[in-house]
């Protein structure tokens, strides 16, 4: 600021405070097979209802993805990314246009790939009184009858209209999407669109309709017209004498038509006006034609003296819109049961597909902190998929994968665990046993042969409990124990295998976290170890690893401002202050050990401490952050001694 005159100057100066915010710690990603939904994309859902709308909910007894996501939300899960991986094709049906020679004009496809779309049926109803509109009904069949699930009425093929079929259906329907296809007769215009036209009613019988003694033409006769939706314009024929009517019906009619055409062309240079046509036909009718063949082509007149005198009234006139020829023909299917979509197939994704998804898609979604692989246990068929997920977690360094044991393997002793060859990574966690949940497919009357319960892998239950614990206590709190309102495993009828003290003695020191039934608490998670229990004991506990991830990512996201700043004591001081404030906030929240802040964490940055002059010359600023992790009280030991009275 320049100081040019005596006075008081107010200036704002930066405080240097750049708060660091903690990153999200409980966003899960479910990667696997689903019956329907977007393929090879990570889609964010916020609730079980969102998942049902997008992916259909639990659709069968073997729907591992559906059961997993349901378990996650039942147990306190918040946001989740759903990634449906599959090699699938999409069901569809091509609908012919209503006009002659048009061919197929509309393709109706299932909203996502998969053979589920073969169970979708459609109906198209065209109203003869409104030839530019139609209705699309979407449903399914029950007992050979069409059951309507969705309905879209008064839609059209005019892409400038709010009721254009693509606008009304795509993104709104959960079952189908539509697209325009095909080519029409070139003479009718591209894609079958034609010029909008309006044919008036027949004029009176006899000659001399426009003669000086007839009242059809008056001085300054006018009417209002809207061509191709460009807006209402007023056409005034001016003084009657200027028309030079001669008393011949055909000749005078042609003069009036030419006057109308000239006045419309004079409105503007747009093709709709410039190529507008008006003629007086031999059947004593005026024919008004727009200048373009497009979906919005139309000629509309409005009630007035001129419209009435020239027989162009709305009630008597016939209007043909540009899109009328490509309106889909009616489709009701056999015996009005609906037309079935066809061609959908579902193929399983390979482990290479998983690797490609992790490398190309999921690595860009940085909010994810928990990975769950529904339907992929750590056995001969699922090991490659889990290994791909684990490699991704270790590469990213900001997320953990919850591994599922094989469904049929009983882990009741150390040897059975060792035989699985589980990974010993600090980014992997395993829970046991599988859990029994009520089968939504079972119905005492409609489906009495279905099993009442199905087995569901424990990973999704644990992911939900992680999320709930994070929100209530913090990521540093072990997601296990009997704390009220935190860890009840909802939606479960019982464990697949009852774990007692003897079994857990063998499992706990191998990093297997057991789900057990505890008196007064029901079914709870009774373990909080990573699979690195023996290989890397520094990261033995789940909350320790997850707290470190949270701190690392939060600082990483929060100090980008320092890049390209002058590398001197002012920068070092700012980094110490900002990171220190963040760490102190965690300390006050109970995230670290230690009664005093100095016992709980430290932040160091400076020449001669964390950096040499060579580091500074190389453009490096080095900060060292240390913290005392809060480890869970895994073993609560109470020693009781009898007091002996020595008197």
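The values are calculated or read from the model by the stated rules, or taken from the named source; none is laboratory data. Not measured: the values here are computed from a predicted model. Cβ: placed from backbone, ideal geometry, glycine included. Neighbour counts: every protein chain shown.
I need a count of the residues in region 393-416 that are over 15 Å from residue 372 (Cβ atoms) and in contact with a strand residue (DSSP E or B) (Cβ under 7 Å, 6 or more places away or on another chain).
To start, the set of residues in region 393-416 that are over 15 Å from residue 372 (Cβ atoms) comprises 394-398, 406-416.
Narrowing further to those that are in contact with a strand residue (DSSP E or B) (Cβ under 7 Å, 6 or more places away or on another chain): 406-407, 411.
Residues that pass the stated criteria total 3.
Of everything in region 498-517 that's assigned to a loop (DSSP other than H, G, I, E, B) and surrounded by fewer than 16 Cβ atoms within 10 Å (Cβ to Cβ), which residue is farthest from the chain's Cα centre (by Cα)?
500
Do we find that residue 478 is part of a helix (DSSP H, G or I) and touching a helix residue (DSSP H, G or I) at 6+ places or on another chain (Cβ under 6 Å) in this structure?
no
Would a scan of region 70-82 turn up a residue that is surrounded by fewer than 23 Cβ atoms within 10 Å (Cβ to Cβ), within 13 Å of residue 324 (Cα to Cα), touching a residue at least 40 places away in the same chain (Cβ under 8 Å) and not assigned by TED's automatic domain parsing to the domain that holds residue 294?
No, region 70-82 has no match at all.
If you check every pair at least six apart or on different chains, which have Cβ atoms under 7 Å apart with a residue in region 576-588 that is closer than 13 Å to residue 547 by Cβ first and a residue that is surrounded by fewer than 17 Cβ atoms within 10 Å (Cβ to Cβ) second?
From region 576-588, the pairs are 587/597.
May I ask you to verify whether residue 535 is in a loop (DSSP other than H, G, I, E, B) and farther than 26 Å from residue 367 by Cβ?
On the way: in a loop (DSSP other than H, G, I, E, B): yes; farther than 26 Å from residue 367 by Cβ: yes.
Criteria met by residue 535.
Could we say that residue 460 is within 30 Å of residue 589 (Cα to Cα) and either outside any loop (DSSP other than H, G, I, E, B) or modelled with pLDDT under 95 (or both) here?
In short, yes.
Anything in region 288-309 that is modelled with pLDDT of 85 or more and either at positive phi or in contact with a strand residue (DSSP E or B) (Cβ under 6 Å, 6 or more places away or on another chain) (or both)? List them, or say none.
288, 289, 290, 293, 297, 298, 299, 300, 301, 302, 307, listed by residue number.
Scan 162, 185 and give me the residue that is modelled with pLDDT under 85 and out of contact with any strand residue (DSSP E or B) (no Cβ under 9 Å at 6 or more places or on another chain). Spell out the reasoning first.
Values: 162 fails: modelled with pLDDT under 85.
Every option except 185 fails the conditions.
Every residue, every condition in (1) farther than 30 Å from residue 514 by Cβ; (2) modelled with pLDDT of 95 or more, yes or no:
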| residue | (1), (2) |
| --- | --- |
| 570 | yes, no |
| 612 | yes, yes |
| 617 | yes, yes |
| 628 | no, no |
| 637 | no, no |
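Loosely packed, with under 15 Cβ neighbours inside 10 Å and more than 22 Å from residue 298 (Cβ to Cβ), is that true of residue 150?
It is false that residue 150 is loosely packed, with under 15 Cβ neighbours inside 10 Å and more than 22 Å from residue 298 (Cβ to Cβ).
Any residue in region 136-143 that is crowded, with 18+ Cβ neighbours inside 10 Å and either out of contact with any strand residue (DSSP E or B) (no Cβ under 7 Å at 6 or more places or on another chain) or within 23 Å of residue 294 (Cα to Cα) (or both)?
yes
In region 390-446, which strands (runs of 3 or more DSSP E) lie fully inside it and hold 2 or more residues that are within 28 Å of the chain's Cα centre (by Cα) and in the same structural domain as residue 368 (by TED's automatic domain parsing)?
400-404
What helices (runs of 4 or more DSSP H) completely inside region 225-317 contain at least 2 residues that are loosely packed, with under 15 Cβ neighbours inside 10 Å and not assigned by TED's automatic domain parsing to the domain that holds residue 209?
Counting at least 2 such residues, we get no helices (runs of 4 or more DSSP H) at all.
Given the residues 34, 64, 42, which is the only one that is surrounded by 14 or more Cβ atoms within 10 Å (Cβ to Cβ), closer than 19 Å to residue 438 by Cα and either free of Cβ contacts under 8 Å to residues at least 24 places away in the same chain or touching a strand residue (DSSP E or B) at 6+ places or on another chain (Cβ under 7 Å) (or both)?
Answer to the check: 64.
Consider residue 614 carefully, then state whether it is under 26 Å from residue 397 (Cα atoms) and out of contact with any helix residue (DSSP H, G or I) (no Cβ under 9 Å at 6 or more places or on another chain).
No; evaluated as a whole, the condition is false for this residue.
Quick one: which of 525, 437 is in contact with a strand residue (DSSP E or B) (Cβ under 9 Å, 6 or more places away or on another chain), closer than 30 Å to residue 587 by Cβ and surrounded by 13 or more Cβ atoms within 10 Å (Cβ to Cβ)?
It is 525.
When you go through (1) touching a strand residue (DSSP E or B) at 6+ places or on another chain (Cβ under 9 Å); (2) assigned by TED's automatic domain parsing to the domain that holds residue 145 one by one for residue 100, which number turns out not to apply?
(1)
Can you say whether residue 3 is part of a loop (DSSP other than H, G, I, E, B) and either buried (at least 23 other Cβ atoms within 10 Å of the Cβ) or not assigned by TED's automatic domain parsing to the domain that holds residue 386 (or both), as far as the supplied structure shows?
yes
Give the residues of region 68-108 that are over 30 Å from residue 437 (Cβ atoms) and under 21 Å from the mean Cα position of the chain (by Cα), sorted by residue number.
Scanning region 68-108 gives 89, 90, 91, 108.
Is there a residue in region 616-636 that is surrounded by 11 or more Cβ atoms within 10 Å (Cβ to Cβ), without any contact (Cβ under 8 Å) to a residue 12 or more places away in the chain and not in a loop (DSSP other than H, G, I, E, B)?
no
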